[in-house]
Amino acid sequence: MNLPSDEVPANVIVIDDDHAVRDALGRLLRSVGLRVHLYGSAPEFLNAGPPDGPACLVLDVRLPGQSGLDFQRELANSDVRLPIIFITGHGDIAMSVQAMKGGAIEFLTKPFREQDLLDAVQSGIERDRRRREKDEAAAQFIARYDSLTPREREVMAAIVAGRLNKQIAGDLGLSEVTVKLHRGNLMRKMAAASVAELVRMAERLKASREAPRA
C-alpha cells in the first residue's frame, strides 16, 4: 500500500512503552514510505516536540505514568490538533467510547491487522494535511489583511457590508474618486478578483481570528 506523496514527508508518531511493539510498528510504517518517530512515553514526545509536516499519532492506551487517554485530554486542552489512533492490548467498550468522544479516529485492539492500522494512519495523515492547508490559507488571508491601511480596512468592511462607492464616500467623508482608489488598492492587496471573493475572504478571516490556534 502506497500512501499519497507530498512535498513535505508525512510523519507518524508512535508512543508505546513496549520496545518490541515500537520496533515492529516502526518497520511497518517505514515500509510504506513514512517518516516514523518512536517514543516510550508521552513526556519523551513532548520533550522532542512535534515534527514538521503532516502527522498523526499512534498512541498506546496504557503507558507508564500518564495514560494514553489522559494524554489525549492534555493535547486537546493545549489545542494540539494531532489525529490520534489508539492501540491497546487491554481495551474495552468504555475506553473506546471515551477515546472516540475525545476525537480519536480509530481504536485498535492488539493484535490488529496491519492493513487496519495503515488505513487509519492514511486517514489521519490526510486529515492533518487538510488542516495544515486550511491553516496556511488562513494565515495568508490574515497577512494580506494586515497589509491594508486603516482606511483600506474601513472601505473593505463597507464593501463587504454591501455599500456602494457613493455610499461609502458619504459614510467616511471621502470623495468617490478616493474611495475607488482605496477599493482598487485593497482588492489588489487581498488578491480578490471580485466582490464576491472579497466577501468570502472576509468570512474566512473572521472564522480564522475566532478559531483557537494550535
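Scanning segment 166-181 for residues that are closer than 18 Å to VAL199 by Cβ and either hydroxyl-bearing (Ser, Thr, Tyr) or surrounded by 18 or more Cβ atoms within 10 Å (Cβ to Cβ) (or both) yields a total of 2. Against the numbered list (1) in contact (Cβ under 8 Å) with a residue 24 or more places away in the chain; (2) in a helix (DSSP H, G or I); (3) within 30 Å of ARG81 (Cβ to Cβ), GLU136 comes up short only at (1). Within segment 25-45, if we keep just the residues that are within 25 Å of MET100 (Cα to Cα) and among the aliphatic types (A, V, I, L, M), the residue that is surrounded by the most Cβ atoms within 10 Å (Cβ to Cβ) turns out to be LEU29.
Residues are listed down the side, and each one gets a yes or a no for (1) crowded, with 17+ Cβ neighbours inside 10 Å; (2) farther than 26 Å from GLY49 by Cβ; (3) aliphatic (A, V, I, L, M):
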{"position": "MET100", "(1), (2), (3)": "no, yes, yes"}
{"position": "GLY103", "(1), (2), (3)": "no, no, no"}
{"position": "GLY124", "(1), (2), (3)": "yes, no, no"}
{"position": "PHE141", "(1), (2), (3)": "yes, yes, no"}
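Looking only at segment 46-65, residues that are surrounded by 15 or more Cβ atoms within 10 Å (Cβ to Cβ) and either in a loop (DSSP other than H, G, I, E, B) or not assigned by TED's automatic domain parsing to the domain that holds GLN122 (or both) come to 7 in all.
From the residues in segment 83-122 that are of a type in the set (Gly, Ala, Ser) and within 15 Å of LEU59 (Cα to Cα), which one is modelled with the highest pLDDT?
Step one: filter segment 83-122 for residues of a type in the set (Gly, Ala, Ser), giving 89, 91, 94, 96, 99, 102-104, 120.
Those still in the list that are within 15 Å of LEU59 (Cα to Cα) too: 89, 91, 96, 99, 102-104, 120.
On the way: GLY89: 82, GLY91: 68, SER96: 82, ALA99: 86, GLY102: 82, GLY103: 85, ALA104: 90, ALA120: 95.
Here the answer is ALA120.
Inside segment 30-57, residues that are touching a residue at least 12 places away in the same chain (Cβ under 8 Å) and either more than 17 Å from ILE85 (Cβ to Cβ) or of a type in the set (Gly, Ala, Ser) (or both) make up a count of 9.
Scanning for something touching a His at 6+ places or on another chain (Cβ under 9 Å) and buried (at least 17 other Cβ atoms within 10 Å of the Cβ), does segment 182-204 turn up at least one residue? No, there is no match, as no residue in segment 182-204 is touching a His at 6+ places or on another chain (Cβ under 9 Å) and buried (at least 17 other Cβ atoms within 10 Å of the Cβ). Listed conditions (1) out of contact with any helix residue (DSSP H, G or I) (no Cβ under 7 Å at 6 or more places or on another chain); (2) part of a loop (DSSP other than H, G, I, E, B); (3) outside the structural domain of ALA191 (by TED's automatic domain parsing); (4) not β-branched (Val, Ile, Thr) are all met by GLN115, apart from (2). For segment 66-79, filtered to residues that are surrounded by 13 or more Cβ atoms within 10 Å (Cβ to Cβ) and assigned to a loop (DSSP other than H, G, I, E, B), the residue that is modelled with the highest pLDDT is SER67.
Could you please let me know if LEU82 is within 20 Å of ARG127 (Cα to Cα), surrounded by 13 or more Cβ atoms within 10 Å (Cβ to Cβ) and of a type outside the set (S, T, N, Q)? So LEU82 passes the test.
The values are calculated or read from the model by the stated rules, or taken from the named source; none is laboratory data. Note that this is a predicted model, so its numbers are computed, not measured. Glycine gets a Cβ as well: all are built from the backbone with ideal geometry, and neighbour counts include every protein chain shown.
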